[in-house]
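First the structure, in the form of structure tokens, and then the observations on it.
The values are calculated or read from the model by the stated rules, or taken from the named source; none is laboratory data. These numbers come from a predicted model, not from an experiment. Neighbour counts are summed over all protein chains in view; Cβ atoms, including those assigned to glycine, are modelled from backbone coordinates with ideal geometry. Ligands, DNA and RNA are stripped out before the accessible areas are found, and what is left, the full protein with its side chains, is counted by its heavy atoms. Shrake-Rupley method; radii C 1.70, N 1.55, O 1.52, S 1.80 Å.
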Amino acid sequence: LKAVSGREGVLGTPIVFVRRENGVKKVMRIRFGDPRPSVAIADGAINLFPSFAKGGKLLYTSFRSGKPDLYLGDYRLTEDEFHYRSGRMSPDGKHLVVSVDCSDGQSDIWLYDSKGRPLQNLTETEEDEVQPRWSRGGKWIAYVSNRPGRPQIYAMRKDGSEKRRVSMAGEYNTSPDFGPKGLITFSGMDMFVNDLFVTDLGGNMQRITQLQGSNKDPSFSPDGRYIVFVTTRNLKTQLF
């Protein structure tokens, strides 16, 4: 592919995902093109929301301590009383953007440093904001908010300014992921089935799956030409 187009292909691209086995959730790792995955994190606890951090380490949420905390590899980043739904490391490796459940159960998006120390509450509303995701250049953050009454996709600058809703249709939109040129893919529910959509920062949406099972948790490939996602097509849950 590189010889023809001048761009690297996706063969060998690493992918991480969660698999439920015997009442626990393990973090699995596979390279695109490999026949089977390998276990990346398996400690007898529930592990969720894995992603690659700068340097190749895995950032994820684990119930290893009895409540959801952020871990970077084997190192526990958060050790306070709050609950952490998910987090992502910035492209330059200097910051984390995390979804924090406070004592009343309400969630905000916070900016942390790379050591797990809080710096700024970026949303600070009465609504729930979850699933933060960095843009490729680290200037924007996509996230989910229930401000309209049901979950919708929003975006804001990395300092919390210029907040805007970017999903203009759908009753239950979740799991945003930034691709190239400011594009955001996400999963939206339509007639009780999840499909994949793409939008830009101006809210211009395009549907990319329909009548092919239920499709969730999309993520752009590094080159932005493909999307990996979880689907129920072929009558079983699998990665596509």
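To the nearest 20 debye, what is the magnitude of the charge dipole of the chain about its Cα centre, counting +1 on the Cβ of each Lys and Arg and -1 on the Cβ of each Asp and Glu? Walk me through the numbers before you get to the answer.
Numbers: 35 positive and 28 negative charges, 210 e Å.
Computed charge dipole of the chain: roughly 1000 debye.
Find the relative contact order for the chain and round it to a whole percent, using C-alpha pairs within less than 8 Å whose residues are 6+ positions apart.
RCO, the chain: 9 percent.
Just 209, 123, 199 to compare: in a GNM of the chain, with alpha carbon springs under 10 Å, which one fluctuates most? Looking only at 209, 123, 199, the largest GNM fluctuation is found for 209. The computed Cα extents along the principal axes in Å for the structure shown corresponds, within (i) 49, 40, 38; (ii) 52, 46, 35; (iii) 57, 49, 35, to (i). Projecting the Cα atoms of 135, 50, 120 onto the charge dipole of the stretch 38-159, computed from C-beta unit charges around the Cα centre, puts 135 farthest toward the positive end.
Taking Cα centre as origin and charging only the Cβ of basic (Lys, Arg, +1) and acidic (Asp, Glu, -1) residues, the dipole magnitude of the stretch 77-212 rounds to 720 debye.
What residue among 62, 38, 73 has its Cα farthest toward the positive end of the dipole of the stretch 1-149, where the charges are +1 on Lys, Arg and -1 on Asp, Glu, each on the Cβ? Final value for the positive-end residue is 38.
So, for the chain, what is the accessible surface per residue at a probe of 1.4 Å, expressed in square angstrom?
53 Å²
Residue 115 exposes around 120 Å² of accessible area when a 1.4 Å probe is run over every protein chain in place.
With a Förster radius of 22 Å applied to the beta-carbon distance between residue 208 and residue 3, the computed FRET efficiency rounds to 0.20.
About the centre of its Cα atoms, the stretch 94-144 shows a dipole size close to 640 debye [charges on the beta carbon of Lys, Arg (+1) and Asp, Glu (-1) only; nearest 20 debye].
Taken over the stretch 22-127, lysine pairs spaced eight or more positions apart, or on distinct chains, with alpha carbons under 16 Å apart number 7. Nonpolar atom fraction for the stretch 91-240, defined as the carbon and sulfur part of the 1.4 Å probe accessible area, stands at 50 percent.
Once you reduce the stretch 211-240 and the stretch 152-196 to the center of their Cα atoms, the two points are 16 Å from each other.
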